[in-house]
Amino acid sequence: MIELKGISKIYKGANVETLALKNISFNITDGEFVAIMGPSGSGKSTLMHIIGALDIPTEGEYILDDKDVSKMSEDELADIRREKIGFVFQAFNLLPRATAIRNVCLPLVYEGVPKSERVDRAKKALLSAGYDEERFYHLSNQISGGQMQRIAIARALVNDPSLILADEPTGNLDSKTGDVVLATFQHLNDEGKTIVIITHELYVAEHARRIIHLIDGEIVEDKKNINQKKLKNHYDSI
């Protein structure tokens, strides 16, 4: 599904060049649950931007579903993001005075999907993310952080993307609520979704099936997580 070949990224300033990624190569197969972890400055955010088609590498190839993303134009990158990738961010990025349904429908509005179909697909995505049906029409500024992240996950699911890319998805949550959100990702992965989580926390990374560890723009470890922490899905707890 994902193939990175010799990916390097150089940021050029007025009088200085910064090598953010150095010859990164790995594959992610369909249905994997991978954590990419490292401290601040390790290159994980840059790598996330490339995997998410938010940026292109200076060198190397990035293949997603047999398409070479690394050579695409801005318009082509936007199409890939819309069609292939669902994003979940630390800050939720929800419309504060909109209902859960409306927030999840938003990507479908841009696609021109008819309203009745939008609502049906939004409800299905919310249920897949473990969101309580009784709260479908609650405003996002009237619910807990865990529920807001569930809405954000549902919004990422609503276009049925090939990849769910989550950037520090528990960063704004307390540990108990973060556990429930991580359990939601595990549940989605058990259903066949490909999940990539970007994190600086080992505790979060240990919930994935595979951990790729970056230091100073290079992969220092890429291993299967045979001791994966499994969390029970307590959807009603938040």
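Among the candidates 122, 78, single out the residue that is assigned to a helix (DSSP H, G or I), touching a Cys at 6+ places or on another chain (Cβ under 6 Å) and under 22 Å from residue 166 (Cα atoms). Walk me through how you get there before you give the answer.
Numbers: 78 fails: touching a Cys at 6+ places or on another chain (Cβ under 6 Å).
Exactly one of 122, 78 is assigned to a helix (DSSP H, G or I), touching a Cys at 6+ places or on another chain (Cβ under 6 Å) and under 22 Å from residue 166 (Cα atoms), namely 122.
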Among the numbered criteria (1) in contact with a strand residue (DSSP E or B) (Cβ under 6 Å, 6 or more places away or on another chain); (2) in contact (Cβ under 8 Å) with a residue 40 or more places away in the chain; (3) over 18 Å from residue 211 (Cβ atoms), which one does residue 34 miss? (3)
Which strands (runs of 3 or more DSSP E) does the range 166-238 wholly contain that include 3 or more residues that are within 30 Å of residue 6 (Cβ to Cβ) and in contact with a helix residue (DSSP H, G or I) (Cβ under 7 Å, 6 or more places away or on another chain)? 194-199
Output yes when any residue across the range 126-139 is touching a strand residue (DSSP E or B) at 6+ places or on another chain (Cβ under 6 Å), touching a residue at least 40 places away in the same chain (Cβ under 8 Å) and in a helix (DSSP H, G or I), and no when none is. no
Determine if the range 82-90 includes at least one residue that is within 18 Å of residue 154 (Cα to Cα), without any contact (Cβ under 8 Å) to a residue 40 or more places away in the chain, surrounded by 15 or more Cβ atoms within 10 Å (Cβ to Cβ) and not acidic (Asp, Glu). no
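Pull up the range 47-61, narrow it to residues that are in contact with an Asp or Glu (Cβ under 9 Å, 6 or more places away or on another chain) and touching a residue at least 60 places away in the same chain (Cβ under 8 Å), then point me to the one that is surrounded by the fewest Cβ atoms within 10 Å (Cβ to Cβ).
Step one: of the range 47-61, the residues in contact with an Asp or Glu (Cβ under 9 Å, 6 or more places away or on another chain) are 48-49, 52-53, 61.
Add one more test, that the residue is touching a residue at least 60 places away in the same chain (Cβ under 8 Å), and what stays is 48, 52.
Numbers: 48: 20, 52: 22.
So the residue we want is 48.
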Select, from 39, 107, 114, the only residue that is surrounded by fewer than 18 Cβ atoms within 10 Å (Cβ to Cβ) and either among the polar types (S, T, N, Q) or within 29 Å of residue 205 (Cβ to Cβ) (or both). 39
Residue under question is residue 97, and the condition is that it be among the basic types (Lys, Arg) and at pLDDT 90 or above; does it hold? no
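Which residues, counting only those in the range 80-133, are touching a Phe, Trp or Tyr at 6+ places or on another chain (Cβ under 6 Å) and either over 27 Å from residue 190 (Cβ atoms) or β-branched (Val, Ile, Thr) (or both)?
99, 101
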Test of understanding: among 164, 197, 219, which residue is more than 15 Å from the chain's Cα centre (by Cα) and among the β-branched types (Val, Ile, Thr)? 219
Which of the numbered conditions does residue 161 fail, given that it passes all the others? Conditions: (1) part of a strand (DSSP E or B); (2) farther than 19 Å from residue 38 by Cα. (1)
Does residue 36 qualify as being outside any loop (DSSP other than H, G, I, E, B), among the hydrophobic types (A, V, I, L, M, F, W, C) and in contact with a helix residue (DSSP H, G or I) (Cβ under 6 Å, 6 or more places away or on another chain)? yes
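Considering only the range 1-33, state which residues are hydrophobic (A, V, I, L, M, F, W, C), closer than 21 Å to residue 223 by Cα and outside any strand (DSSP E or B).
Here is the first cut: in the range 1-33, the ones hydrophobic (A, V, I, L, M, F, W, C) are 1-2, 4, 7, 10, 14, 16, 19-21, 24, 26, 28, 33.
Filter once more, keeping what is closer than 21 Å to residue 223 by Cα: 1-2, 4, 7, 21, 24, 26, 28, 33.
Correct list: 1 only.
The values are calculated or read from the model by the stated rules, or taken from the named source; none is laboratory data. In this text the structure is predicted, and so the values were computed from the model without any measurement. A quick note on method: Cβ atoms are made from the backbone with ideal geometry, for glycine too, and the neighbour counts reach across all protein chains shown.
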